[in-house]
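Here's the structure we're looking at; comments come further down.
The values are calculated or read from the model by the stated rules, or taken from the named source; none is laboratory data. Not measured: the values here are computed from a predicted model. Ideal geometry is used to build each Cβ from the backbone, glycine not excepted, and the neighbour counts take in all protein chains shown. Surface accessibility is based on the protein's heavy atoms, side chains included, excluding ligands, DNA and RNA. Shrake-Rupley method; radii C 1.70, N 1.55, O 1.52, S 1.80 Å.
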Amino acid sequence: TNPGFVVRITQAGLDYAHQQGVAVLEKELAQLKLPDISGDFRIRRVGKVHYEISRLDLRSFHLPYSRISLVPNVGLQVSISNAFAEVDGNWRVKLHFIRDHGSFDLKVENVYIKINLKLGSDASGKPTIDTSDCSTRISKVRVRFSGKFGWLYNLFHSAIESRFRKILESKVCDSVVSSVHRELQPYIQTLPVTARIDAISGIDYSLVAPPTATAQALDADLKGQFFSLTHRSAIPFPPLALAFPPDHDRMVYFGASSYFFNTASFTYHAAGALVFEITDSMIPKGIDFHLNTSTFSAFIPQLEKMYPDMLMKLRLSAPSAPFLDIGPGGLSLRPVVDIQAYAILPNSSLAPLFLLSLVSNVSAVIDVKSGHIVGNLKLGRMKLSLKHSDVGTFQVRTLQSIMNIFASSILLPRVNARLEEGFPLPLPDRIQLSNILVQFHQNFLLLGADVHYQPR
């Protein structure tokens, strides 16, 4: 199944996410708890020496050089090089009847860490991430002891350094795995699977397949489908394939297909939400006429005789869901709207007058604000035709100008006010978008942006 919505994270986006992640990992590693060390060794002509190293305090752990790489069809790899750490602690020694103690400091240098991250999805369609492999190599450990018998420890520093190396190499990967499970996995699960829009609909942003790594980017294919909150029915048309352009200037790209928008139209139409009524009280100030039979009798003379000086109501509805087209030239739709005119009788009942069909070219301006896709429709040329009349024949073209006023001054501002509220993009917590790019391609809208993460 083709996705209705695609999210692409470029190398620039991964680099930014990597910076945030490494900062968290650096803090995690600086809080490593190291175990006490004890043991025995023998010095020729001196005898057996028992030692204890305790109260180990990891003062710092720095990760100055690191990078994240895409591994096609596998996932991500994080490589950290030239990391270093400093440790303080206490030592005790027992040689025959001699006992002494002191302090030491240890410097760990040239630490290399390689982490492989596997990406997937769970049963609900949320992304998952796990460490498929972790390795740590420490090439230099230097320990310096102070105290009366410091010279004694300095004689066997290589044995102590070897034990420290093995302990740290194990502890580092344990911390990496823990950090991924405790910090990274819960965070990426904040990516919304569904987003409620209003009382009628929501958007399904579940993954249709695990995220895919290529040589240039990380792609996540989402369902990208609007659905009814009361009755979720199958969409009677399939999503089309999206051909992303080779543009990687922004950190993240969103591909919203025509399917994505048309499922919205289908859902609202099926819910009966594409119905709009216009009454005289809704006519904006400054428009010098009223919605009544007196006004319309100038175009339909028989109205004044049949329903003299009565208020009117217009009921606008779409006989079918209006579908839009997206191409390199932009986003457009050609909705068909039925306009049923009524006279409001003295007892408040409605008398049908005539039924018009309105066809118009509509274009859209798209933008992104506060993580939402927002739009603004512009009305083009309108064409009216008469479908049925209860007041006899009349020239429909004479109503063209007045219907244009109703559509542009009343209907369109209300539709645009709703579109200005927008539809949320699938973003994890605490992400803001900037440097927005909007492009139109065949069958989909491409939105590009840079991201900014706001830590708690």
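For the chain, carbon and sulfur atoms together expose 52% of the accessible surface, with a 1.4 angstrom probe and every protein chain in place.
Reachable lysines from Lys378, Cα under 25 Å, same-chain residues fewer than 8 places away excluded? By straight Cα distance, Lys378 reaches Lys285, Lys313, Lys369. With R₀ fixed at 60 Å, the C-beta to C-beta distance from Ser69 to Met282 puts the FRET efficiency at about 0.50.
Heavy-atom accessible surface of region 1-90, averaged per residue, reaches 53 Å², computed with a 1.4 Å probe.
Among all the aspartates and glutamates, which ones have a C-alpha under 18 Å from Lys383's C-alpha, if same-chain residues fewer than 8 places away are not counted? Straight-line reach from Lys383, under 18 Å: Asp338. Averaging Cα coordinates gives a centre for region 123-144 and one for region 246-292; these two points are 48 Å apart. A simple rule links phi to the HN-Hα coupling: the Karplus curve 6.51 cos²θ - 1.76 cosθ + 1.60 with θ = phi - 60°, which for region 435-452 gives 6, 5, 10, 10, 9, 10, 10, 5, 6, 7, 9, 10, 10, x, 7, 9, 10, 9 Hz, with x for Gly and Pro. Taken one residue at a time, the phi angles of region 250-261 give Karplus couplings (6.51, -1.76, 1.60, θ = phi - 60°) of 9, 6, 9, 10, 10, x, 9, 6, 4, 4, 3, 6 Hz. Gly and Pro are set to x. For Met251, the residues whose modelled amide H falls within less than 5 Å of its own, excluding neighbours fewer than 5 places apart on the same chain, are Ala449, Asp450, Val451.
Per residue, the convex hull spanned by the alpha carbons of the chain comes to 177 Å³.
Straight Cα distances below 23 angstrom link Lys114 to the lysines Lys27, Lys33, Lys140, Lys166, Lys171, with same-chain residues fewer than 8 positions distant left out.
What is the Cα centroid distance between region 383-439 and region 209-235, reported in whole angstrom? Distance between centres, Cα-based: 28 Å.
Distances between placed amide hydrogens fall under 5 Å for Val71 paired with Leu76, Gln77, all partners being 5 or more residues away or on another chain. Using Cα centres only, tell me the gap between region 4-67 and region 308-344 in whole Å. Taking the Cα centre of region 308-344 as reference, the centre of region 4-67 is 65 Å away.
Placing a label point 7 Å from the Cα of Thr214 along the Cα-to-Cβ direction, the residues of region 4-39 whose backbone N falls under 19 Å from that point are 4-15. Computed extension gain for Leu355 through Ser135, at 0.36 nm per residue and net of the alpha carbon distance, reaches 71.8 nm.
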